[in-house]
Amino acid sequence: MPRFKTILVTGGAGYIGSHCVVDLLNAGHDVIAIDNFANAVCDEEGSPALKRAQQITGKKIVFYEADLLNKPQINDIFDKHPIDCVIHFAALKAVGESMQQPLLYYQNNLLGMLNLLEIMRNHECYQMVFSSSCTVYGEPEYLPITETHPTGSITNVYGRTKYFIEEMLKDLSAADEKWNIISLRYFNPVGAHPSGLIGEDPTKEFTNLMPFMAQVALGKKPVLTVFGNDYNTPDGTGIRDYIHVMDLASGHVAALNYLGSNQVGLKVYNLGTGRGVSVKELVEVFERVTETKIPLKYVDRRLGDITAMWADATLAREELGWSTKLTIEEMCTDFWRWQTMNPDGYPKKSKKTSVIVNGNS
Ligand SMILES: NC(=O)c1ccc[n+]([C@@H]2O[C@H](COP(=O)([O-])OP(=O)(O)OC[C@H]3O[C@@H](n4cnc5c(N)ncnc54)[C@H](O)[C@@H]3O)[C@@H](O)[C@H]2O)c1
């Protein structure tokens, strides 16, 4: 029996949220998920991703279509359910869009978090796992990056929302020792659940490498655009630490277990493999395991993109007892299974016009 029984998952219909829900249910937690469908597919009955998460686990999820900017809605959910801990995924995350619409990003990500924290405090729920990002490190001063690397010199608005929230959480945990928060700095999540039933299907225009590459492999897009092949790396393309989304999900269960038996105030952990892989290498592995050919087009570097970034994941291994298990080959194979089983993503029906806040699952 896990120490925290009922977990509120914000952004639960999204990519990482829906995969994490599967692991939470398998670990014996009860899940209340909320999402406003800003970047997730919905149908007449709610979230197809969460319906499939129920199918995978044989367990039930309570789902609310709700917006973190709507305080009464969120408050009602806390009034109704004895929530032990919150995993806060809900955020807008497109770097390019964040530069064009900074107010939207500050409002959604910062105000959403403020509302949530206030409601949690009012309901005496002080346990939280927060989705942060390696973006908070900015241009690395050394590699691999440890959690003590300086943060804050960030080149985009999205990353700054994560940085500001971490600063806010520092202040909060310093002011009131009841708070018990783990901020997980994700590196580059890719892949899909091995069943092929759930995967990444954003509703906003996406530029993430793996979904784009899979669309090229399917012939839905003509060519994969690679931004920069003149970086100071062995093959000239940028290097990232790709992590399988199911490894990322298990990192959240490990963080919950840790919070359940430790009072940490605020602690920060990197979730990555500790291995850097170049864009070119990833494309080659993808081509090999999927037996497809990806035409590449090299264009200029994107402003703000960094050369190389990978994690030192020692702290999570030593303290949370967590490490990644899945390989780059498995990331590609599992994503390809999802993409070929669902070439158009989740079945899309017309979006509901009314907001239902009554626990329809
Ligand atoms: N995917 C990545 O590469 C990556 C890397 C580092 C950190 N993160 C962070 O992890 C979290 C999850 O990312 P993801 O890839 O699953 O993104 P996602 O867009 O698939 O999921 C986020 C979900 O939150 C929902 N949402 C947004 N604003 C909301 C609001 N105000 N109220 C209710 N729901 C809202 C969206 O509809 C979406 O379903 C985000 O906080 C993101 O910033 C993601």
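The values are calculated or read from the model by the stated rules, or taken from the named source; none is laboratory data. Nothing here was measured: the structure is a model prediction, and the numbers come from that model. Note: ideal-geometry Cβ built from the backbone for every residue, glycine included; neighbour counts use all protein chains shown. Heads up: the accessible areas ignore ligands, DNA and RNA and are worked out on the full protein's heavy atoms, side chains in. Shrake-Rupley method; radii C 1.70, N 1.55, O 1.52, S 1.80 Å.
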Original post:
Which residues, taken from region 115-129, are surrounded by 16 or more Cβ atoms within 10 Å (Cβ to Cβ) and within 18 Å of residue 73 (Cβ to Cβ)?
Top reply: 115, 116, 117, 119, 120, 125
**OP:** Please enumerate the residues belonging to region 308-328 that are part of a loop (DSSP other than H, G, I, E, B) and in contact with a Gly (Cβ under 9 Å, 6 or more places away or on another chain).
**Re:** 309, 310, 312, 313, 322, 323, 324, 326
Original post:
Pairs, please: C-beta under 8 Å, at least 6 apart or cross-chain, first residue closer than 30 Å to residue 206 by Cα and open to solvent by 30 Å² or more (accessible area, probe 1.4 Å) and in region 76-94, second among the polar types (S, T, N, Q) and away from the ligand (no atom under 15 Å from the Cβ)?
Top reply: none
**OP:** Give the residues of region 61-70 that are of a type outside the set (A, V, I, L, M) and either away from the ligand (no atom under 14 Å from the Cβ) or surrounded by fewer than 16 Cβ atoms within 10 Å (Cβ to Cβ) (or both), sorted by residue number.
**Re:** 70
**OP:** Identify, from the list 28, 46, the residue that is out of contact with any helix residue (DSSP H, G or I) (no Cβ under 6 Å at 6 or more places or on another chain), of a type outside the set (Lys, Arg), crowded, with 18+ Cβ neighbours inside 10 Å and on the phi > 0 side of the Ramachandran plot.
**Re:** 46
Original post:
Taking strands (runs of 3 or more DSSP E) that do not extend beyond region 203-307, which have at least 1 residues that are open to solvent by less than 20 Å² (accessible area, probe 1.4 Å) and aliphatic (A, V, I, L, M)?
Top reply: 224-227, 242-244, 266-271
Original post:
How many residues are touching a residue at least 40 places away in the same chain (Cβ under 8 Å) and away from the ligand (no atom under 14 Å from the Cβ) if we restrict to region 44-60?
Top reply: 7
Subject >> Count - residues of region 5-15 that are more than 11 Å from the ligand (Cβ to nearest atom) and open to solvent by 10 Å² or more (accessible area, probe 1.4 Å) >> reply: 2
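For (1) within 14 Å of the ligand (Cβ to nearest atom); (2) of a type outside the set (A, V, I, L, M, F, W, C); (3) farther than 24 Å from residue 276 by Cβ, each residue gets a yes or a no:
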position: 135; (1), (2), (3): yes, yes, no
position: 174; (1), (2), (3): no, no, yes
position: 177; (1), (2), (3): no, yes, yes
position: 218; (1), (2), (3): no, no, yes
Original post:
Which residue out of 13, 27 is in contact (Cβ under 8 Å) with a residue 24 or more places away in the chain and either in contact with an Asp or Glu (Cβ under 6 Å, 6 or more places away or on another chain) or farther than 29 Å from residue 260 by Cα (or both)?
Top reply: 13
**OP:** Could you check residue 143 against (1) in contact with a strand residue (DSSP E or B) (Cβ under 7 Å, 6 or more places away or on another chain); (2) within 15 Å of the ligand (Cβ to nearest atom); (3) open to solvent by 10 Å² or more (accessible area, probe 1.4 Å) and say which number it fails?
**Re:** (2)
Original post:
So, in region 16-25, of the ones that are crowded, with 24+ Cβ neighbours inside 10 Å and of a type in the set (A, V, I, L, M, F, W, C), which residue ends up nearest to the ligand (Cβ to nearest atom)?
Top reply: 20
**OP:** May I ask you to verify whether residue 53 is buried (at least 24 other Cβ atoms within 10 Å of the Cβ) and either modelled with pLDDT under 95 or closer than 21 Å to residue 117 by Cβ (or both)?
**Re:** no
